[in-house]
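Below is one structure, written out as C-alpha cells, with a few remarks after it.
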Amino acid sequence: MIYQVYVRSFADSDGDGVGDLPGVRSRLPYIAALGADAIWLNPFYPSPQADAGYDVSDYRDVDPRFGTLADFDGLVADAHAAGLRVIVDLVPNHTSSQHPWFQAALASPRGSRERSRYLFREGRGPDGSEPPNNWLSVFGGPAWTRVPDGQWYLNLFDSAQPDLDWTSEEVRAEFDSILRFWLDRGADGFRIDVAHGLAKDPALPDISSDYVAAGPAGVGHPHWDQDEVHEVYRRWRRIADSYPGERAFVGEVWVHTTEQLARYLRPDELQTAFNFNLLLAPWDAAAMRDAIDASIGALTPVGAAPTWVLSNHDVTRHVTRYGGGEAGIHRARAAALMVFALPGGAYVYQGEELGLEEVLDLPDALRQDPTFRRTAGAEIGRDGCRVPIPWSGDAPPFGFGPGSGEPWLPQPAHWKDLTAEREAADPDSMLALYRAALALRRESPALGDGTLTWLDSPPGVLTFRRSADFTCVVNLSADPVPISGEILLSSGPIPGTELPPDTAAWLAT
Ligand code: GLC
C-alpha cells in the first residue's frame with residue numbers, strides 16, 4: 001500500500017497554513033500505523049505554485065514553504081526507520097516558466113540553443129498571430145502562448161508550464177542527472193507526472209476531428225502516447241537499476257486502452273503505472289468487474305503488477321463520486337475492502353482513510369486550481385479534494401497546524417467528526433476499517449501476489465476468491481445477498497447470514 005501525501009495539505013509544522021516536510025515527518029507514525037509500505041510525496045520543489053508545485057523552477061531543492069533539503073533527508077531517514085519507502089514526484093513534461101532554462105529561452109533569439117529545450121514555433125496566418133496548431137491545454141484554452149518577439153511556445157497545461165522538447169539530448173541528460181540527485185539522497189522511486197506526454201509528433205500536426213471520437217489518449221494522438229516516450233523510460237530504468245535496493249517507478253499514464261498501458265510496463269521500462277480504470281468506473285458491479293479484468297488481463301502478459309487507485313489529488317473524492325452522504329460512505333467502505341483484496345499495489349490518497357468527502361462549496365476567491373481560472377469557472381477544478389487534513393480537536397484547523405491559523409483552504413466545520421484523533425478511538429470509523437483491513441492484508445498469504453478467480457454471484461454482486469480459503473464479496477445491488485463462511489472483516493454490520501447492499505465482506509471459506 002502506497003500512501004499519497006499531498007504535502008501542502010497534510011500537516012503544517014510552522015503555522016503558515018501550508019503543509020510541509022517537517023509536518024509529514026511528524027506524522028510518519030500515523031502513516032506507518034495505518035499499514036502503509038511507502039509514501040508518495042506530491043511535488044515539494046521550488047515553484048511559483050502556478051499549478052500546486054507541478055510547475056518546478058528548481059528540480060534539485062525544496063521550496064522554502066515546504067522546508068529544506070535537510071528536512072527531506074530527515075524525512076527519508078525516519079521513513080526508512082519506520083519501514084516506509086519514499087517515492088518522489090518527477091515532473092518531466094514541463095518546467096515552470098520561472099525555471100532558469102525558460103527564462104534563458106525568453107531572453108534568447110529564435111533558433112537559439114536556449115529555445116531548443118522547449119517547443120518554440122512560428123505562428124500561422126500572414127502575421128503569425130494564430131497558434132502553430134489546434135492543440136488545446138488540458139486546463140482549458142489554447143496550448144500555445146505567444147512571446148514578445150512573435151514566436152509561440154507549447155504548454156499542454158498552464159502557460160506557466162512550458163513543455164520541454166524531449167528530442168533534445170540536453171533535456172534527456174538533465175533528467176538523468178535529476179534522477180540521480182534524488183536516488184543518491186535515498187529516494188526509493190519516482191512517480192512520473194504526465195508520463196504519456198513527453199514525446200510529441202515532431203511535425204506538430206493538428207489534431208484531426210476524426211481523432212476526437214477516439215477519446216482522450218487513443219492510438220495515433222500527436223501529443224499523447226507517442227512511441228518515442230518509451231526510449232526515455234528504458235533509459236531511466238537502467239539508471240534506477242544501477243542503484244542498490246529496489247528503486248521503482250510508477251507512471252501517471254492516462255491512455256485509452258490497457259494494451260497501451262502495458263507497453264509502459266515491459267520488463268525494461270517502468271515497474272508500475274497507475275491504472276485509472278477502477279477510478280473511472282461508477283458504483284456498478286459490471287463496470288467494476290470490467291475495470292478489474294481489463295487491468296489484470298493487460299498487465300499479466302508483461303509481468304507487471306496492477307495498481308489500484310480510487311482517489312488522488314486530481315479527481316473528486318470517491319465518497320462523493322459514489323453518491324455522497326451515508327450511501328457514499330457505505331460504498332467507500334465496501335470499495336476499500338474490494339481494493340485491498342485485489343492482487344497488486346493499492347494507493348490510498350490522504351484523507352480517504354478518514355472518509356473525507358469532496359469539499360464542494362469553497363469560496364471562488366480561494367480556489368487555486370488553474371483549471372478554474374482558465375475555464376472562467378466553467379470547470380470548478382480540483383481544490384475540493386485538496387482541503388487540509390483534520391487531525392484533532394473540535395474546530396478548524398483541526399490540528400493541521402499549530403494554533404488557530406487558517407489553513408490555505410478552509411475545512412468544513414463538520415470535519416470535527418472526521419478527525420484522525422476521533423476516528424482512532426471509534427472502532428466503527430473508516431480509519432478503524434482501513435487499519436483492520438491493511439493489517440489483515442499484510443498478514444494473510446492469500447492477499448499477496450497472485451491472481452483472482454471470480455465466483456458466480458447474483459446480479460450486482462462481485463465475488464472473487466484469492467485462495468481456497470479467502471473470498472471477498474461486494475454487494476453493489478439493492479438487495480441483501482446470502483453469504484457463507486467465517487467473516488474475517490466486513491465493511492458494515494451483517495445481520496444474520498445476509499450481506500446488506502453497499503457492503504463488502506472478507507470470508508474464510
Ligand atoms: C498531473 C498531475 C496534476 C498536474 C498535471 C500537470 O496530471 O497529477 O496535478 O496538474 O499533471 O503537471
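The figures follow:
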{"read-out": "Subset of the stretch 303-343 [modelled with pLDDT of 95 or more, among the small types (Gly, Ala, Ser) and under 19 Å from the mean Cα position of the chain (by Cα)]", "value": "311, 332, 335, 336"}
{"read-out": "Residue in the stretch 165-172 that is among the β-branched types (Val, Ile, Thr), under 26 Å from residue 270 (Cβ atoms), modelled with pLDDT of 95 or more and not in a helix (DSSP H, G or I) present", "value": "yes"}
{"read-out": "Those residues of the stretch 56-73 which are closer than 16 Å to residue 6 by Cβ and touching a Pro at 6+ places or on another chain (Cβ under 6 Å), in sequence order", "value": "63, 67"}
{"read-out": "Residue match in the stretch 112-122 (condition: closer than 21 Å to residue 53 by Cα and either in the same structural domain as residue 72 (by TED's automatic domain parsing) or in contact with a Phe, Trp or Tyr (Cβ under 9 Å, 6 or more places away or on another chain) (or both))", "value": "yes"}
{"read-out": "Residue that is within 16 Å of the ligand (Cβ to nearest atom) and crowded, with 21+ Cβ neighbours inside 10 Å, where the choices are 276, 372", "value": "276"}
{"read-out": "Residue in the stretch 349-358 that is within 16 Å of the ligand (Cβ to nearest atom), of a type in the set (A, V, I, L, M, F, W, C) and not in a loop (DSSP other than H, G, I, E, B) present", "value": "no"}
{"read-out": "Scan of the stretch 300-316 for residues that are more than 14 Å from residue 275 (Cα to Cα) and more than 16 Å from the ligand (Cβ to nearest atom), ordered by number", "value": "301, 302, 303"}
{"read-out": "Residue that is nearest to residue 345 (Cα to Cα) [pool: residues in the stretch 413-437 that are in a helix (DSSP H, G or I) and of a type in the set (Gly, Ala, Ser)]", "value": "437"}
{"read-out": "Subset of the stretch 141-152 [buried (at least 21 other Cβ atoms within 10 Å of the Cβ) and within 16 Å of the ligand (Cβ to nearest atom)]", "value": "143"}
{"read-out": "All positions within the stretch 418-446 that are more than 26 Å from the chain's Cα centre (by Cα) and surrounded by fewer than 16 Cβ atoms within 10 Å (Cβ to Cβ)", "value": "425, 426, 427, 428, 443, 445"}
{"read-out": "Some residue of the stretch 100-123 being part of a helix (DSSP H, G or I), closer than 26 Å to residue 373 by Cα and within 16 Å of the ligand (Cβ to nearest atom)", "value": "yes"}
{"read-out": "Set 260, 271: member being at pLDDT below 95 and surrounded by 13 or more Cβ atoms within 10 Å (Cβ to Cβ)", "value": "260"}
{"read-out": "In the stretch 19-44, the residues that are buried (at least 23 other Cβ atoms within 10 Å of the Cβ), part of a loop (DSSP other than H, G, I, E, B) and either over 19 Å from the mean Cα position of the chain (by Cα) or of a type in the set (Asp, Glu) (or both)", "value": "20"}
{"read-out": "Residue satisfying all of: in the stretch 51-76; charged (D, E, K, R) and in a loop (DSSP other than H, G, I, E, B); nearest to the ligand (Cβ to nearest atom) among these", "value": "51"}
{"read-out": "Those strands (runs of 3 or more DSSP E) lying entirely in the stretch 447-494 with at least 3 residues under 28 Å from the mean Cα position of the chain (by Cα) and closer than 22 Å to residue 287 by Cα", "value": "461-467, 470-475"}
{"read-out": "Given (1) assigned by TED's automatic domain parsing to the domain that holds residue 270; (2) surrounded by 15 or more Cβ atoms within 10 Å (Cβ to Cβ); (3) away from the ligand (no atom under 16 Å from the Cβ), index of the condition residue 195 fails", "value": "(3)"}
{"read-out": "Restricting the stretch 375-399 to residues that are in contact (Cβ under 8 Å) with a residue 60 or more places away in the chain and outside any loop (DSSP other than H, G, I, E, B), the residue that is farthest from the ligand (Cβ to nearest atom)", "value": "384"}
{"read-out": "Single unsatisfied condition, residue 440 versus (1) of a type outside the set (Ser, Thr, Tyr); (2) in a loop (DSSP other than H, G, I, E, B); (3) at pLDDT 95 or above; (4) over 18 Å from residue 6 (Cβ atoms)", "value": "(2)"}
{"read-out": "Residue 357 being touching a Gly at 6+ places or on another chain (Cβ under 9 Å), farther than 25 Å from residue 439 by Cβ, acidic (Asp, Glu) and modelled with pLDDT of 95 or more", "value": "yes"}
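The values are calculated or read from the model by the stated rules, or taken from the named source; none is laboratory data. Predicted model only: the values in this text are computed from it and were never measured. We place every Cβ from the backbone using ideal geometry, glycine too, and count neighbours over all the protein chains shown.
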